[in-house]
Amino acid sequence: MTNPVPGRNPAPLPTYSLSNVDGLRFPLLVSVPHSGREYPPELLDNLNVPASHLLRLEDRYSDRLAASAIASGFPAIIARKPRAWIDLNRSRSEIDPAMVVGMDPSQTGQMSRKVRGGLGLLPRRLHGAGNLWRNKWSLQHVIDRIEQDHEPYHAQVAHLLDRIHSVFGCALLLDLHSMPSTVDENHNKIGFVLGDRFGRSCESRYVELAAGHFRRHGHLVQTNHPYSGSYILERHGNPSRNIHAFQLEVDRSLYLDRNMREPIAAASSVAELIRHCCMMLAEQLSGQDQLEAAE
């Protein structure tokens, strides 16, 4: 069993890991930005709350949900550092200046609702836990995090999508997340939420195909509610160039134990379900489904 509490890692930590990016076999890239579990020591040294609180920021073990797709050859990029260190699904301007020494509020512009709620580029506080950090971060430290972790991740995503597009003439980014259990207006548990920024980051046919796939396997699926996608989709989705991006949120109770800490046996079944979804999307993107129908 893995340690459920973030541990100190004194060695230099890579920003992300890559899989299947040398010989591209599919026009679909899987991104997992919030599963990082390797905590830099300077983060833990500045904690104002027990380290276990940081697990609430993780999309706990969402990288395991990509395992079957990766084993089948889909390219993937997976964050190694945690969301508590830097949130890859926020823009570099989404910073609360009150948590940074030497930052002028004019440098960040108007704070978004997420930043005001404590969940900006650098998370500041959690409901029920209060402020996460004893001391403010220095401005240079924040700049270093952006330049060494945030921008390299996004530069790599853009590079891979461009390579996929050059090979296949199209590309799709599946941005994989997990969510707390939530219900619809009839109090039925939602298994999956697909977000495409209300059609701005992805052609609807790909989202509809994915939603239908999960519904056929007995899951309640919603699109763009309560999660429509954020910065990753905004930055990388460009349907006019035939580069599409949508966010897939998975109910954590489908693959984690009752404490939402450790994977259960069903995690492999959810990962297989996601692999089949990736296969269907890849076929749709490449037009293979249309060729098979015509034969």
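The values are calculated or read from the model by the stated rules, or taken from the named source; none is laboratory data. All figures in this text were calculated on a predicted structure; none of them were measured in a lab. FYI the Cβ positions are ideal-geometry reconstructions off the backbone, even for glycines, and counts take in every protein chain you see.
Condition check ((1) modelled with pLDDT of 95 or more; (2) closer than 24 Å to residue 50 by Cβ; (3) surrounded by fewer than 17 Cβ atoms within 10 Å (Cβ to Cβ)) across all residues:
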position	(1), (2), (3)
92	no, no, no
103	no, no, no
110	no, no, yes
127	no, yes, yes
134	yes, yes, yes
154	yes, no, no
158	yes, no, yes
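Would you point out the residue of the stretch 163-218, among those that are loosely packed, with under 14 Cβ neighbours inside 10 Å and in contact with a strand residue (DSSP E or B) (Cβ under 6 Å, 6 or more places away or on another chain), that is farthest from residue 258 (Cα to Cα)? Ranking the candidates gives 215 first. In the stretch 112-125, the residue that is surrounded by the fewest Cβ atoms within 10 Å (Cβ to Cβ) out of those that are out of contact with any Leu (no Cβ under 8 Å at 6 or more places or on another chain) and farther than 23 Å from residue 153 by Cα is 113. Note on the stretch 61-114: residues that are within 23 Å of residue 251 (Cβ to Cβ), basic (Lys, Arg) and touching a strand residue (DSSP E or B) at 6+ places or on another chain (Cβ under 8 Å) total 1. Looking only at residues of the stretch 244-285 that are assigned to a loop (DSSP other than H, G, I, E, B) and hydrophobic (A, V, I, L, M, F, W, C), we find that the one that is nearest to residue 34 (Cα to Cα) is 260. Residues in the stretch 57-68 include none that are more than 22 Å from residue 264 (Cβ to Cβ) and surrounded by fewer than 22 Cβ atoms within 10 Å (Cβ to Cβ). If you go through the stretch 16-49 and pick out every residue that is farther than 25 Å from residue 229 by Cβ, touching a residue at least 40 places away in the same chain (Cβ under 8 Å) and not in a helix (DSSP H, G or I), you end up with 8.
If you go through the stretch 187-195 one residue at a time, do you hit one that is on the phi > 0 side of the Ramachandran plot, out of contact with any Gly (no Cβ under 7 Å at 6 or more places or on another chain) and not charged (D, E, K, R)? Within the stretch 187-195 (the criterion being on the phi > 0 side of the Ramachandran plot, out of contact with any Gly (no Cβ under 7 Å at 6 or more places or on another chain) and not charged (D, E, K, R)), the answer is yes, since at least one residue qualifies. Scanning the stretch 271-284 turns up at least one residue that is crowded, with 20+ Cβ neighbours inside 10 Å and over 17 Å from residue 76 (Cα atoms). When residue 78 is tested against (1) among the hydrophobic types (A, V, I, L, M, F, W, C); (2) at pLDDT 95 or above; (3) over 24 Å from the mean Cα position of the chain (by Cα), just one condition goes unmet, and that condition is (3). Of all the listed residues (219, 159, 177, 187), the sole one being out of contact with any His (no Cβ under 7 Å at 6 or more places or on another chain) and in contact (Cβ under 8 Å) with a residue 24 or more places away in the chain is 219.
Note on the stretch 127-147: residues that are part of a loop (DSSP other than H, G, I, E, B) and farther than 28 Å from residue 195 by Cβ total 3. Exactly one residue out of 235, 252 is farther than 15 Å from residue 281 by Cα and out of contact with any strand residue (DSSP E or B) (no Cβ under 6 Å at 6 or more places or on another chain), and it is 235.
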